[in-house]
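The values are calculated or read from the model by the stated rules, or taken from the named source; none is laboratory data. Quick caveat, the model's predicted, so the values are computed rather than measured. Cβ coordinates were reconstructed from backbone atoms using ideal geometry, including for glycine residues, and neighbour counts include every protein chain displayed.
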Amino acid sequence: MAISMNTKVLFTTRANSLSGMFGNKNGNILVGDKAFEFYNNRNPEDYIQIPWGEIVRVRAQIFFKDKYIRGFFIDTKSAGSYNFVVKNAGKTLKTMRDFLGNEKIVRNKPLLSMKNIFNLFKKNK
């Protein structure tokens, strides 16, 4: 049975964990006093627990001129990067900011944006 690292849960919401090429995992995110946790709905033993000290940065995926936050990436010191699509991403990030600070929550730089695509087809003068 999975044991939570947190002693107090401050915020919970539904989310999908996008992990590799095998698809996503449906589950719940728990933001607590000790760690960020994700638990799979189908298999509670399939979980992700990231202590606050392990997180290097959180990169938010922002769309539609800063009107919509789809989800975020969590970059860790040892385990790599995790991608989450979250129902209430804005509230989740605000709760995480209390433990991480403003400097660790940043915007994700998009690989392809509409501005970059238009610049590819623009004639050089």
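Taking the range 74-108 as the range and being under 11 Å from the mean Cα position of the chain (by Cα), assigned to a helix (DSSP H, G or I) and aliphatic (A, V, I, L, M) as the test, the residues that pass are Ala89, Leu93, Met96. For the range 71-91, what are the residues that are over 19 Å from Phe22 (Cβ atoms), touching a helix residue (DSSP H, G or I) at 6+ places or on another chain (Cβ under 6 Å) and surrounded by 14 or more Cβ atoms within 10 Å (Cβ to Cβ)? Result: Thr76, Val86. If you go through the range 43-74 and keep only what is closer than 13 Å to Ile105 by Cβ, of a type in the set (D, E, K, R) and either in contact with a Phe, Trp or Tyr (Cβ under 8 Å, 6 or more places away or on another chain) or modelled with pLDDT under 85 (or both), you end up with just Arg59.
Comparison of Tyr47, Tyr39 shows that the only residue that is buried (at least 20 other Cβ atoms within 10 Å of the Cβ), of a type in the set (Ser, Thr, Tyr), over 19 Å from Gly90 (Cβ atoms) and without any contact (Cβ under 8 Å) to a residue 60 or more places away in the chain is Tyr39.
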